[in-house]
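A quick write-up on the structure given underneath.
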Amino acid sequence: MKRKQFRMISLLITTIMGAVVGFSASIGNPALAAGVLLAGMAAMYNIKSRLEDVVEDERIHQVSQKASRITLQIVALSFALGGAVLIAMRDTYPGYTDLGFFMAYAGCGVLVLYSLFYRFYNREYGGWDEE
């Protein structure tokens with residue numbers, strides 16, 4: 001399959017998935033939405049495996065890693081700062097205190113998860129040991 005065919009088929013699959021998920025949300029059926037998402041992911045994986053061109057190379061992996069790291073940093077910082085602001089404003093807006101604690105805990109959880117994965121991959125690929 002050529003790249004142009006791949007793009008057209010993947011656009012069609014994404015459009016169908018969006019329409020069915022929107023329909024399932026309007027009728028209140030989350031099982032249909034989950035099923036369509038899983039089927040769409042399987043279809044995308046299937047057509048990607050039939051693609052003849054080179055889909056990914058080292059440069060794409062490196063760009064993806066950098067983009068993922070910056071996104072993670074922005075999200076964690078936003079959650080931590082947003083949570084701290086909402087907690088600090090608990091006297092003015094008491095209804096948002098729970099959201100503030102959730103955001104703060106989610107930010108901390110993301111950072112802990114990042115640290116654990118960083119440590120694992122650092123050891124896996126022969127990085128510097130702290131011992």
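The values are calculated or read from the model by the stated rules, or taken from the named source; none is laboratory data. Nothing here was measured: the structure is a model prediction, and the numbers come from that model. As a convention, Cβ positions derive from the backbone with ideal geometry for all residues, glycine included, and neighbour counts pool all protein chains shown. SASA here: full protein model, heavy atoms, side chains in, ligands and nucleic acids out. Shrake-Rupley method; radii C 1.70, N 1.55, O 1.52, S 1.80 Å.
Yes or no: residue 84 more than 21 Å from the chain's Cα centre (by Cα) and under 22 Å from residue 114 (Cβ atoms)?
yes
State which residue pairs qualify: first residue within 10 Å of residue 48 (Cα to Cα) and open to solvent by 80 Å² or more (accessible area, probe 1.4 Å) and inside the stretch 1-18, second residue aliphatic (A, V, I, L, M) and at pLDDT 90 or above in any location, beta carbons under 8 Å apart, and separation of 6 or more residues or different chains.
none
With respect to residue 117, is the statement that it is within 22 Å of the chain's Cα centre (by Cα), more than 20 Å from residue 65 (Cβ to Cβ) and not charged (D, E, K, R) true?
no
Which residue, of 72, 32, 81, is free of Cβ contacts under 8 Å to residues at least 60 places away in the same chain and within 30 Å of residue 5 (Cβ to Cβ)?
32
Quick test for you: out of 99, 51, pick the one residue that is closer than 28 Å to residue 4 by Cβ and hydrophobic (A, V, I, L, M, F, W, C).
Going through 99, 51 in turn, the sole match is 51.
Of the residues that sit in the stretch 20-56 and are charged (D, E, K, R) and either within 21 Å of the chain's Cα centre (by Cα) or surrounded by 12 or more Cβ atoms within 10 Å (Cβ to Cβ) (or both), which one is nearest to residue 10 (Cα to Cα)?
For the stretch 20-56, the residue satisfying everything is 48.
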